[in-house]
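The values are calculated or read from the model by the stated rules, or taken from the named source; none is laboratory data. No experiment lies behind these values; they were computed from the predicted model shown. Cβ: placed from backbone, ideal geometry, glycine included. Neighbour counts: every protein chain shown.
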Amino acid sequence: MQMDYLKRIEESKEEIVKTLQELISIKSAEEKPTADAPFGKGIAEAFDYILKKAEADGFDTENADNYGGHIEFGGYFLDENGQITGTSDEVMGIIGHLDVVPEGSDWEYEPYGGVVADGKIYGRGAIDNKGPVVAAYYAMKALKDSGYMPEKKVRLILGLDEETNWKGMHYYLSKVKAPDFGFTPDAEYPAIHGEMGILVFQLAKKIGKTTGKGIELRSLTGGTAANSVADYARAVIRADKMEAYDKVKELAARYRNEKCSEKGQIAYGARLNCKGVGKSLEIVAQGISAHGATPECGVNAISLLMDFLGELDIINDDVNEFVGFYNQYIGYETDGAALGCDLSDEPSGKLVLNVGKVDLEGEAVILTLNIRYPVTLTDDAVYGALMPVINKYNMGIIKIKNQLPIYMPADNPMIKTLMEIYGEHTGDTEREPIVIGGGTYARAAKNIVAFGSIFPGDPDPSHQRNEYIEIDKLILNAKIFADAIYRLTH
């Protein structure tokens, strides 16, 4: 049986690639809702695409009012002659998502082109999470086409707003029985037995009216999502004398040489440019995007721009105080040390801090932060640690989200089974299960863990420009998932 379904996956390689290309071509970042598309037209189109494909391939499907749904087979009791005698209510779930973060800028390939180059498929969602969803789908298809009839239902659950608010998953689970156990292929290998808590909150500071002559900061914007390292930030300044702009441009040139060149280290690979816009000067920072769970893998454009703004003589005291706060207590740090919240524990390691967005318009500046905190701690511990600094600068705090940490012992039978499957397919039998900072749909139901789909040592292109998945790894994922389905339902 095993050799048959694994062989079918290998033989379906071209079809798997084509399906992923077609799914990537659908721009499924969340947009304004419509009557029949609660998360926007693109997400609804991607959802419809995969459901219709599954129905054509003989799977049962469920659509919970376009908030989410699933693809399913199995769940039969058979007699000794292989005849169906009943059905099971027990469900093994594989939970993925079809929505993507915004594409950002500066791609080498069309972000929704599904371009194949150098053995990779490029496009937004290739690894997060359309590629793994397609791999899981073809794992199920290979098993079904091989004649496997699991006693437990095998259900590929399709989330539609994982990158934002999870309203779709909550709605779906209010309509459909939650899986009894399973995994989500939306992280990395090997098996993940813990996920750090996730906080999203905003720091708000009032900005008084600018008076006097000199350099005025008219606007400041940056970033697209709390859970992504900002790869773009923009400031617009206005000066009463044109020669002030020449000085700013000279400072920018020196800054690029010192901070953005190879010797700059922290900001190497980033860019800072100035150009005139009417009577104002626009300053644009281009960073390197990364997932908010691993901000050390990128360069935050907001931090780059704030660092540079700290060198300018801005006339508004409130603006200067905010810029000073940012550079002293956040800067390029990703562990919250200067802010006072560098917490840690043995299973998780250090807290992770990411600056996702900034917005200054008119009378207030809003900074959006994303923190991953250790599995044995609470959100109160984090807020308690950082509030002394926040209070010192008379800033308000707006709490947006707290996803509690999850943790499963490493000797749990499902964890042990997944670890064995990973080792059999990779030869990597010494590795231990891990705790991550990422937040996955493992939190959506009990007894769900993250499993795959990025292999140890491989870069994580999630949320970055030129996101991709290696075709060979896509196929290997499908084989691993197929074995996981078979072993967990056999």
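State whether the residues of the stretch 103-123 include one that is within 22 Å of residue 484 (Cβ to Cβ), in contact with a helix residue (DSSP H, G or I) (Cβ under 7 Å, 6 or more places away or on another chain) and in the same structural domain as residue 183 (by TED's automatic domain parsing). If you could, list the steps in order and put the result at the bottom.
Let us first name the residues in the stretch 103-123 that are within 22 Å of residue 484 (Cβ to Cβ), namely none.
Scanning the stretch 103-123 turns up no residue that is within 22 Å of residue 484 (Cβ to Cβ), in contact with a helix residue (DSSP H, G or I) (Cβ under 7 Å, 6 or more places away or on another chain) and in the same structural domain as residue 183 (by TED's automatic domain parsing).
Suppose we filter 106, 65 for residues that are at pLDDT 95 or above and exposed (fewer than 15 other Cβ atoms within 10 Å of the Cβ); which single one remains? It would help to see each step written out before you state the result.
Working: 106 fails: at pLDDT 95 or above.
Within the list 106, 65, the selection yields 65.
Of all residues in the stretch 29-62 being in contact with a strand residue (DSSP E or B) (Cβ under 7 Å, 6 or more places away or on another chain) and either of a type in the set (Phe, Trp, Tyr) or not assigned by TED's automatic domain parsing to the domain that holds residue 90 (or both), which is surrounded by the most Cβ atoms within 10 Å (Cβ to Cβ)?
Ranking the qualifying residues of the stretch 29-62, first place goes to 47.
Which of the residues that make up the stretch 90-111 are over 18 Å from residue 26 (Cβ atoms) and part of a strand (DSSP E or B)?
Within the stretch 90-111, 91, 92, 93, 94, 95 qualify.
Only one of 71, 26, 9 is crowded, with 22+ Cβ neighbours inside 10 Å and part of a loop (DSSP other than H, G, I, E, B); which? Even if it seems obvious, please write down each step before you answer.
Values: 71 fails: part of a loop (DSSP other than H, G, I, E, B); 9 fails: part of a loop (DSSP other than H, G, I, E, B).
Result of the check over 71, 26, 9: 26.
Which one of these is in contact (Cβ under 8 Å) with a residue 40 or more places away in the chain and over 15 Å from residue 197 (Cβ atoms): 367, 386? Quick ask: steps written out before the conclusion?
On the way: 386 fails: over 15 Å from residue 197 (Cβ atoms).
Going through 367, 386 in turn, the sole match is 367.
Counting residues that are assigned by TED's automatic domain parsing to the domain that holds residue 173, which helices (runs of 4 or more DSSP H) fully inside the stretch 372-490 reach at least 2?
Working: elements: 379-392, 413-426, 471-489.
Counting at least 2 such residues, we get 413-426, 471-489.
Would you check which residues across the stretch 140-167 are under 20 Å from residue 100 (Cβ atoms) and touching a strand residue (DSSP E or B) at 6+ places or on another chain (Cβ under 6 Å) and list them?
Narrowing the stretch 140-167 to residues under 20 Å from residue 100 (Cβ atoms): 156-167.
156, 157, 158, 159, 162, listed by residue number.
Kindly indicate which of 471, 475, 485, 436 is at pLDDT below 95 and either within 30 Å of residue 105 (Cα to Cα) or touching a Phe, Trp or Tyr at 6+ places or on another chain (Cβ under 9 Å) (or both). Working first, answer last.
Details: 471 fails: at pLDDT below 95; 475 fails: at pLDDT below 95; 485 fails: at pLDDT below 95.
Residue meeting the stated conditions: 436.
Of (1) under 26 Å from residue 418 (Cα atoms); (2) assigned by TED's automatic domain parsing to the domain that holds residue 290; (3) among the charged types (D, E, K, R), residue 234 satisfies all except one. Which?
(1)
When you go through 199, 217 one by one, which is the residue that is under 30 Å from residue 410 (Cα atoms) and out of contact with any Gly (no Cβ under 9 Å at 6 or more places or on another chain)? Full working, then the answer.
Details: 217 fails: under 30 Å from residue 410 (Cα atoms).
Result of the check over 199, 217: 199.
Which residue out of 437, 452 is surrounded by 19 or more Cβ atoms within 10 Å (Cβ to Cβ) and either in contact with a His (Cβ under 6 Å, 6 or more places away or on another chain) or within 18 Å of residue 347 (Cβ to Cβ) (or both)?
Details: 452 fails: either in contact with a His (Cβ under 6 Å, 6 or more places away or on another chain) or within 18 Å of residue 347 (Cβ to Cβ) (or both).
Every option except 437 fails the conditions.
Select from the stretch 298-350 the residues that are touching a His at 6+ places or on another chain (Cβ under 9 Å) and small (Gly, Ala, Ser) and list them in ascending order.
As a first pass, look at the stretch 298-350 and keep what is touching a His at 6+ places or on another chain (Cβ under 9 Å): 298, 347.
Answer for the stretch 298-350, where residues must be touching a His at 6+ places or on another chain (Cβ under 9 Å) and small (Gly, Ala, Ser): just 298.
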